[in-house]
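So that we are looking at the same thing, I have put the structure below in C-alpha cells.
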2 protein chains.
Amino acid sequence: MNLKELSLKLGLSPTTVSRALNGYPEVNEATRERVMAAARRHNYHPNTRAIRLATGRAMAIGHIVPVSTKHEIVNPIFADFIAGAGETYTRAGYDLLLSVVSDQDETRTYRSFKSRGAVDGVIVHAPSADDPRIAFLTEIGMPFVVHGRATGATAPYAWLDVNNRRAFRRATDFLLDLGHRRIALINGLEYMDFAIRRRSGYEMALAERGLVLDPGLMHSDEMTESYGYRSARNLLALPDPPTAFLVSSMIPAIGVRRAVEERGLKLGRDISLITHDDELSYLRNGEDVPIFTATRSSVREAGRLAAEMLLELIATPDMTPPTRLLEAELMVGLSTGPARTLP
Amino acid sequence: MNLKELSLKLGLSPTTVSRALNGYPEVNEATRERVMAAARRHNYHPNTRAIRLATGRAMAIGHIVPVSTKHEIVNPIFADFIAGAGETYTRAGYDLLLSVVSDQDETRTYRSFKSRGAVDGVIVHAPSADDPRIAFLTEIGMPFVVHGRATGATAPYAWLDVNNRRAFRRATDFLLDLGHRRIALINGLEYMDFAIRRRSGYEMALAERGLVLDPGLMHSDEMTESYGYRSARNLLALPDPPTAFLVSSMIPAIGVRRAVEERGLKLGRDISLITHDDELSYLRNGEDVPIFTATRSSVREAGRLAAEMLLELIATPDMTPPTRLLEAELMVGLSTGPARTLP
DNA sequence: AATCAATTCCAAACCGCTTTGGGTTTCTCA
DNA sequence: TGAGAAACCCAAAGCGGTTTGGAATTGATT
C-alpha cells in the first residue's frame, strides 16, 4: 500500500492525501479525518526511503563505536548511553545508525555519512584532549554533540559532560578528611579528556593540602576489570602501599576489590575505595546501601539529554551550540572508612 | 557532487557513469577507468537515500534492543554481540539500525521496519521458549536470524546458538566429579530459551547420578551483579548450604564472589564456582589463568557469524534457513576445587 | 560488400514521496 | 449581485539514483 494506491482508493490526489497526513492546514478537516481513517484501515505507512529522498533529511542519527585495533575493547558505557539516546530518537521518529569501525577509520566514516547523506547528525563519543573530530565535523557542516568535552577546542561546540574535575576533587577531599594520605588513582586512558579532568581534580585536592603527588600511585589504562586488579595488586605490594583508591569506573573497581580481598584485606575497614558510578543497568552499585562510595551520574540519562540537544540543534541549525554540565552526586557507601595503617 | 554533475563533467550520460561505477559489463574498460578516476577525484559517493529508493533495498540490518519496562535492564551482552555483527556489516556496506523499544512494542517495530522498508533483515535477540517473533517475522516475510533458539517453533528458521545444554551438563559433571553434591544454579530468567537449556543440562547431569533436584538451590532472574550477590548470600545462609555454584554469566558470578568473600570464605577452596563466560571485552576472565572456571564462548564471534548468515539469507532468499551450533569450551580456572564441608 | 552480432552508449521511465504553483469553489461583504 | 478573499484540491516537477529498451558504432564473417 503506497500513497498513490491510497489516494486512488479515496478519490483524492496524492498531494491532498500527503498533506492531510502531514497536518498541513490547506485541507478540510472532514477530508483529513477520512484520509486518516483510511490510512489506519489499510495500515499505510509512508515509505521511509521515499520520504528521505524527497525531503533531503535522513531522519537518522549516527553513533560511531570505535573499536581500537590495539585492545579490542567495546566500551561498556556505550550500551547504556545508547539505550538512553535511543529512547529519545524513537520518540522523535528518528533512527539510530550504529557504525562499528576501527578507530583510525573514524573520520572516513563521518565523511561517508556526510556525502551519502546517511544521517542528520552525530554524537561524538569519548573525546580526547584536542580531539580532531570537533574541527573536522564543524568543517564539513555535520551537526554534532560531544559526550564529554575536549580541552583545547577553540570554537564553540555542543557538548554534554559530567563535572569530572569537581567530582574527583570532592571524592579526594572526602578521603583526605578521613585521614588518608596515600591515595591511589586508578584512572582511564589519559589521552581521554574525562581522565585528564579527573586527574586534575585529584591533584587539586592534594595540592590544596600541601601534599606532594606520587606518580607511582597514579595508574592509567583501558578500564577493564583486569586492569583494576593488576594495578591494585601491584600497589598493595609496595613497601608503602596506599590506604585508599580512587577509581574511574565500577568495572576496574571490581578488579580492585578482588585484589584487596585476595590479600585478606577488607574494603571500608583496611582499605578505602571511591569509584565513579555510571549507573549501568546491569551493574547497580548495591540495592539500598551502595557497595562502593561513589561519585554517581547516570550515563543513560546523559544519553537521553545529549540526544535531545542534538535533535534541537538539527532543527535550529544556527542556534549557538548548547552545552550542559551535569553534577555527580557523592554517595557514601560501605567501601570507605578512616585511614588505618596496615600491619 | 551528484551523478548528474559528474556525468556532465565527463561528457557522458548518467546511465553510463552509473554502470561504470557499479561494474556493469556494457561499458568500455577505458571509459570505466576514466569514470572511476573522476569519481575519486571529485570525492563522489552516491547518495544512499537515492540508491535505496531506486533499488528498493535498504542496505541496512535492524537490531532491536528491548528495554523491559519492569527492570530497565540493558543486556550487557548486546554491546559485544553488536560490535561483532557491526564489523560484518561495515565490511559488506550495510548499515546497522538500532531500535530501543519497550518490550511490548517489539512487534510493532518489526512491522514498521517492514512497511517503511527501513531494513532488509533483522537479528532476533534473546528468544524465549515459543517465541512469537519467529512466526511473526516469517509471516510478514522479513528475513531474520535468531541469536539463540526457540524450543517449540515448528517451521524451520535460521539461528545461531551455543550448545548451552551440553555446556552446563559438562560443567555440572565437572563439579560432581569433584565431589560436590549440593550445587546451586544461578540462572537467567527462565522464560528465556538459553536459561531453559542450561537448566536442562544441569538437571540431566544430576539425574544421571541419581541425585534429586532441590528447587531451593535453583534461582532465576535478570543477570545482574546484585542478583548474584543476593542469591548467594541467601543460599549460603541455609542450614545446608551449597558447596558449589553454577552461574549463567560473569556479571552475577561477580556478585556471588562478593557474597562468598563477605562470609569470609574463599572461592576454589571453600566454595566452587563455574560460570558461563561470553568473553566480554571489558570483563575478561583473567589474563593468563582464568579467575573463574568457565564454559566459554565468544559472543562477539557469535555476532560476526550471525550477521554473515543473515546477509547470506538476504542474498539468497529461498535457501533453506541456515543454522549453526557453537560448542563452548570448559576452561578450568581458580574457582573450583574438591568439595569440602563447611565449618 | 553485405550481414549479423557484439560492443558501447543514451533517453526516458521509474522508485514513492514532498512541494510548488496554480485552478476551482465557496464564502463574505459592500 | 459582483468582487475579492479564503478554503480546498490538484497536476506536475522535483529528490538522485537504477534500469529498461533501444540506437549507433564497431568488428567479424561469408
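Mind counting the residues in the range A:1-14 that are more than 8 Å from DNA strand C (Cβ to nearest atom), surrounded by fewer than 17 Cβ atoms within 10 Å (Cβ to Cβ) and under 19 Å from residue A:30 (Cβ atoms)?
Total meeting the criteria: 2.
Turning to a different aspect of this structure: Spot the failing condition for residue B:27; the list is (1) touching a residue at least 12 places away in the same chain (Cβ under 8 Å); (2) among the β-branched types (Val, Ile, Thr); (3) touching a helix residue (DSSP H, G or I) at 6+ places or on another chain (Cβ under 6 Å), and only one is missed.
(1)
Which condition from (1) hydrophobic (A, V, I, L, M, F, W, C); (2) without any contact (Cβ under 8 Å) to a residue 12 or more places away in the chain; (3) away from DNA strand C (no atom under 16 Å from the Cβ); (4) closer than 27 Å to residue B:108 by Cβ is the one that residue A:96 breaks?
(2)
For residues that are away from DNA strand C (no atom under 16 Å from the Cβ), at the interface with chain A (Cβ under 8 Å from one of its Cβ atoms) and surrounded by fewer than 18 Cβ atoms within 10 Å (Cβ to Cβ), tally how many sit in the range B:46-70.
Residues meeting the conditions: 0.
Turning to a different aspect of this structure: Consider residue B:174 carefully, then state whether it is assigned to a helix (DSSP H, G or I), surrounded by fewer than 17 Cβ atoms within 10 Å (Cβ to Cβ) and among the aromatic types (Phe, Trp, Tyr).
Working: assigned to a helix (DSSP H, G or I): yes; surrounded by fewer than 17 Cβ atoms within 10 Å (Cβ to Cβ): no; among the aromatic types (Phe, Trp, Tyr): yes.
Criteria not met by residue B:174.
Against the definition (within 30 Å of residue B:13 (Cβ to Cβ), not in a helix (DSSP H, G or I) and not charged (D, E, K, R)), how does residue B:23 come out, yes or no? Explain how you work it out, then say what you get.
Values: within 30 Å of residue B:13 (Cβ to Cβ): yes; not in a helix (DSSP H, G or I): yes; not charged (D, E, K, R): yes.
In short, yes.
When you go through (1) under 23 Å from residue B:47 (Cα atoms); (2) free of Cβ contacts under 8 Å to residues at least 60 places away in the same chain; (3) more than 9 Å from chain B (Cβ to nearest Cβ) one by one for residue A:35, which number turns out not to apply?
Only one criterion is unmet by residue A:35, namely (1).
In the range B:15-25, which residues are surrounded by 13 or more Cβ atoms within 10 Å (Cβ to Cβ) and either more than 8 Å from DNA strand D (Cβ to nearest atom) or within 14 Å of another protein chain (Cβ to nearest Cβ) (or both)?
Taking the range B:15-25 and keeping what is surrounded by 13 or more Cβ atoms within 10 Å (Cβ to Cβ), we get B:15-21.
Within the range B:15-25, B:16, B:20, B:21 qualify.
All but one of (1) at the interface with chain A (Cβ under 8 Å from one of its Cβ atoms); (2) surrounded by fewer than 19 Cβ atoms within 10 Å (Cβ to Cβ) hold for residue B:114; state the number of the condition that does not hold.
(1)
So, residue A:207, is that one over 19 Å from residue A:330 (Cα atoms), surrounded by 18 or more Cβ atoms within 10 Å (Cβ to Cβ) and hydrophobic (A, V, I, L, M, F, W, C) or not? Even if it seems obvious, please write down each step before you answer.
Details: over 19 Å from residue A:330 (Cα atoms): yes; surrounded by 18 or more Cβ atoms within 10 Å (Cβ to Cβ): no; hydrophobic (A, V, I, L, M, F, W, C): yes.
Taking the combined requirement at face value, the residue does not satisfy it.
Those residues that are in contact with a Lys or Arg (Cβ under 8 Å, 6 or more places away or on another chain) and away from DNA strand D (no atom under 13 Å from the Cβ), I need them from the range B:35-44; list them, please.
Of everything in the range B:35-44, just one residue is in contact with a Lys or Arg (Cβ under 8 Å, 6 or more places away or on another chain) and away from DNA strand D (no atom under 13 Å from the Cβ), namely B:38.
Scan the range B:54-67 and tell me whether some residue there is at pLDDT 90 or above, over 31 Å from the mean Cα position of the chain (by Cα) and within 16 Å of DNA strand D (Cβ to nearest atom). Quick ask: steps written out before the conclusion?
Narrowing the range B:54-67 to residues at pLDDT 90 or above: B:54-64.
Next cut, over 31 Å from the mean Cα position of the chain (by Cα) only: B:54.
The next check asks that each one be within 16 Å of DNA strand D (Cβ to nearest atom); those that pass are B:54.
Looking through the range B:54-67, at least one residue is at pLDDT 90 or above, over 31 Å from the mean Cα position of the chain (by Cα) and within 16 Å of DNA strand D (Cβ to nearest atom).
Can residue B:243 be described as out of contact with any helix residue (DSSP H, G or I) (no Cβ under 7 Å at 6 or more places or on another chain) and in contact (Cβ under 8 Å) with a residue 40 or more places away in the chain?
Values: out of contact with any helix residue (DSSP H, G or I) (no Cβ under 7 Å at 6 or more places or on another chain): yes; in contact (Cβ under 8 Å) with a residue 40 or more places away in the chain: yes.
Answer is yes for this residue.
Can we say residue A:133 is facing chain B (nearest Cβ under 7 Å) and either in contact (Cβ under 8 Å) with a residue 24 or more places away in the chain or of a type in the set (Lys, Arg) (or both)? Break it down into steps so the answer makes sense when it comes.
On the way: facing chain B (nearest Cβ under 7 Å): no; either in contact (Cβ under 8 Å) with a residue 24 or more places away in the chain or of a type in the set (Lys, Arg) (or both): yes.
Answer is no for this residue.
Say whether the condition of being surrounded by fewer than 20 Cβ atoms within 10 Å (Cβ to Cβ) and of a type in the set (A, V, I, L, M, F, W, C) is met by at least one residue in the range A:271-288. Can you show your working first?
Kept after step one, since they are surrounded by fewer than 20 Cβ atoms within 10 Å (Cβ to Cβ), are these residues of the range A:271-288: A:279, A:284, A:286-288.
Still in the running and of a type in the set (A, V, I, L, M, F, W, C): none.
No; the residues of the range A:271-288 include none that is surrounded by fewer than 20 Cβ atoms within 10 Å (Cβ to Cβ) and of a type in the set (A, V, I, L, M, F, W, C).
Looking at (1) touching a helix residue (DSSP H, G or I) at 6+ places or on another chain (Cβ under 9 Å); (2) surrounded by fewer than 23 Cβ atoms within 10 Å (Cβ to Cβ), can you tell me which one residue B:191 breaks?
(1)
Could I ask something else about it? Just name the residue that is farthest from residue A:73 (Cα to Cα) out of those in the range A:188-198 that are outside any helix (DSSP H, G or I) and aliphatic (A, V, I, L, M). If you could, list the steps in order and put the result at the bottom.
Just the residues of the range A:188-198 that are outside any helix (DSSP H, G or I), to begin with: A:188-192.
Keeping just the survivors that are aliphatic (A, V, I, L, M) gives A:189, A:192.
Details: A:189: 12, A:192: 15 Å.
So, considering only residues that are outside any helix (DSSP H, G or I) and aliphatic (A, V, I, L, M), the one farthest from residue A:73 (Cα to Cα) is A:192.
I'd like to know if the range B:281-289 contains one or more residues that are closer than 16 Å to residue B:217 by Cα and in contact with a Leu (Cβ under 8 Å, 6 or more places away or on another chain). Spell out how you get there, then give the answer.
Keep residues of the range B:281-289 that are closer than 16 Å to residue B:217 by Cα, which gives none.
Looking through the range B:281-289, none of the residues is closer than 16 Å to residue B:217 by Cα and in contact with a Leu (Cβ under 8 Å, 6 or more places away or on another chain).
Go through the range B:24-45 residue by residue and tally those that are within 8 Å of DNA strand C (Cβ to nearest atom) and of a type in the set (D, E, K, R). Talk me through it step by step, then tell me what you get.
Residues of the range B:24-45 that are within 8 Å of DNA strand C (Cβ to nearest atom), as a first pass: B:25-32.
Checking the rest, the ones that are also of a type in the set (D, E, K, R) come to B:26, B:29, B:32.
Qualifying residue count, the range B:24-45: 3.
So, one more: Within the range B:71-95, which residues are buried (at least 21 other Cβ atoms within 10 Å of the Cβ) and more than 10 Å from chain A (Cβ to nearest Cβ)?
The answer is B:94, and nothing else.
With A:216, A:228, A:201 as the choices, which residue is within 14 Å of another protein chain (Cβ to nearest Cβ) and either touching a residue at least 60 places away in the same chain (Cβ under 8 Å) or not in a loop (DSSP other than H, G, I, E, B) (or both)? Let's see the steps before the verdict.
Numbers: A:216 fails: within 14 Å of another protein chain (Cβ to nearest Cβ); A:201 fails: within 14 Å of another protein chain (Cβ to nearest Cβ).
Among A:216, A:228, A:201, only A:228 is within 14 Å of another protein chain (Cβ to nearest Cβ) and either touching a residue at least 60 places away in the same chain (Cβ under 8 Å) or not in a loop (DSSP other than H, G, I, E, B) (or both).
Could you tell me whether any residue of the range B:161-182 is within 14 Å of another protein chain (Cβ to nearest Cβ), under 18 Å from the mean Cα position of the chain (by Cα), closer than 27 Å to residue B:76 by Cβ and without any contact (Cβ under 8 Å) to a residue 60 or more places away in the chain? Quick ask: steps written out before the conclusion?
Keep residues of the range B:161-182 that are within 14 Å of another protein chain (Cβ to nearest Cβ), which gives none.
For the range B:161-182, residues within 14 Å of another protein chain (Cβ to nearest Cβ), under 18 Å from the mean Cα position of the chain (by Cα), closer than 27 Å to residue B:76 by Cβ and without any contact (Cβ under 8 Å) to a residue 60 or more places away in the chain: absent.
Before we move on, is residue B:291 within 21 Å of the chain's Cα centre (by Cα) and either buried (at least 18 other Cβ atoms within 10 Å of the Cβ) or on the phi < 0 side of the Ramachandran plot (or both)? Let's see the steps before the verdict.
Working: within 21 Å of the chain's Cα centre (by Cα): no; either buried (at least 18 other Cβ atoms within 10 Å of the Cβ) or on the phi < 0 side of the Ramachandran plot (or both): yes.
When the stated conditions are applied, residue B:291 does not pass them.
Any residue that is farther than 22 Å from residue B:116 by Cα, part of a helix (DSSP H, G or I) and within 12 Å of DNA strand D (Cβ to nearest atom) - is there at least one of those in the range B:26-34? Before the answer, list the steps.
The initial filter retains those residues of the range B:26-34 that are farther than 22 Å from residue B:116 by Cα, namely B:26-34.
Then keep just the ones that are part of a helix (DSSP H, G or I); that gives B:29-34.
Filter once more, keeping what is within 12 Å of DNA strand D (Cβ to nearest atom): none.
Taking every residue of the range B:26-34 in turn, none turns out to be farther than 22 Å from residue B:116 by Cα, part of a helix (DSSP H, G or I) and within 12 Å of DNA strand D (Cβ to nearest atom).
The values are calculated or read from the model by the stated rules, or taken from the named source; none is laboratory data. Source: prediction; values computed, not measured. Cβ atoms come from the backbone with ideal geometry, glycine included; neighbour counts cover every protein chain shown.
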